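The values are calculated or read from the model by the stated rules, or taken from the named source; none is laboratory data. Predicted model only: the values in this text are computed from it and were never measured. Every residue, glycine as well, gets a Cβ built from its backbone with ideal geometry; the counts of neighbours run over all protein chains shown. The protein model used for the area step is the full one, side chains on, heavy atoms only, and it has no ligands, DNA or RNA in it. Shrake-Rupley method; radii C 1.70, N 1.55, O 1.52, S 1.80 Å.
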Amino acid sequence: MTYATRISVVVALLLMLAAAPAWADQPEIYPPEPADSEDVLEALFCGFEVGVQTEGKGGYLLFDDRAIVTAPGMEVHLTNLDTGQMVSLKIQGTFHDTFLDEEGDHVSTLNVGRNLLFGYFDGDPGIFLTIGKVVTESVLSVYPWEFDVIESESPGKMIDVCAMLSG
């Protein structure tokens, strides 16, 4: 199991999408299966290490130029390892990824429902809970991932999880 998989099945699925070869016209179907994991997210995102425990299922559909990632029943428990401050979040949303290049590195993502993103958001590091419809563009070939929020298409909201864990 990769490092990203332990952090969050949803994020790991994005990594697999970025590394995957071109797909056939018919989707490859990966039905939801248990995705329980536990790991530590480096201090890069919040300024302190974050313990991450996921519970639930993750699955996805892969098409030639897009993918749909689901996380039915997914819940994540995040802990500030410096202070012990903890937050539990339901992240049962979906990612609708459209690949903007042949390698699958440049991706436009429609985040629908409740999703957890970590990386650089419009230049600032962080971990965010998205709620509703949030559209991002990202380059997944470089870690940590850089996300640009496309505000004109995003009526949803982003909640700063690092701030929740700092309080």
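Quick grid of which residues meet (1) acidic (Asp, Glu); (2) at pLDDT 90 or above; (3) under 12 Å from the mean Cα position of the chain (by Cα):
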site	(1), (2), (3)
80	no, yes, no
89	no, yes, no
98	no, yes, no
105	yes, no, no
110	no, yes, yes
115	no, yes, yes
118	no, no, yes
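Being outside any strand (DSSP E or B) and buried (at least 20 other Cβ atoms within 10 Å of the Cβ) is a property that holds for residue 104. Of all residues being of a type in the set (Gly, Ala, Ser) and in contact with an Asp or Glu (Cβ under 8 Å, 6 or more places away or on another chain) in segment 128-143, which is modelled with the lowest pLDDT? Just the residue, please. In this case the residue turns out to be 141. Residues in segment 56-77 that are modelled with pLDDT of 95 or more and over 18 Å from residue 111 (Cβ atoms): 1 in all. Among the candidates 64, 97, 39, 82, which residue alone is over 22 Å from residue 134 (Cα atoms) and not in a loop (DSSP other than H, G, I, E, B)? Step by step, each of 64, 97, 39, 82 is checked, and only 39 is over 22 Å from residue 134 (Cα atoms) and not in a loop (DSSP other than H, G, I, E, B). Only a single criterion out of (1) open to solvent by 80 Å² or more (accessible area, probe 1.4 Å); (2) at pLDDT 90 or above is not satisfied by residue 25, namely (2). Among the residues making up segment 144-159, those that are at pLDDT below 85 and over 24 Å from residue 42 (Cβ atoms) are 150, 151, 152, 153, 154. Looking across segment 133-167, the residues that are open to solvent by less than 30 Å² (accessible area, probe 1.4 Å), of a type outside the set (Val, Ile, Thr) and more than 17 Å from residue 106 (Cβ to Cβ) come down to 154, 156, 162, 165.
Restricting segment 53-77 to residues that are aliphatic (A, V, I, L, M) and within 14 Å of the chain's Cα centre (by Cα), which is surrounded by the fewest Cβ atoms within 10 Å (Cβ to Cβ)? Talk me through it step by step, then tell me what you get.
Filtering segment 53-77 down to residues aliphatic (A, V, I, L, M) leaves 61-62, 67-69, 71, 74, 76.
If we keep only those that are within 14 Å of the chain's Cα centre (by Cα) too, we end up with 67-69, 71, 74, 76.
On the way: 67: 27, 68: 17, 69: 26, 71: 29, 74: 25, 76: 24.
Only one residue fits best here, namely 68.
Annotation for segment 113-129: at least one member residue is within 30 Å of residue 29 (Cβ to Cβ) and surrounded by fewer than 19 Cβ atoms within 10 Å (Cβ to Cβ).
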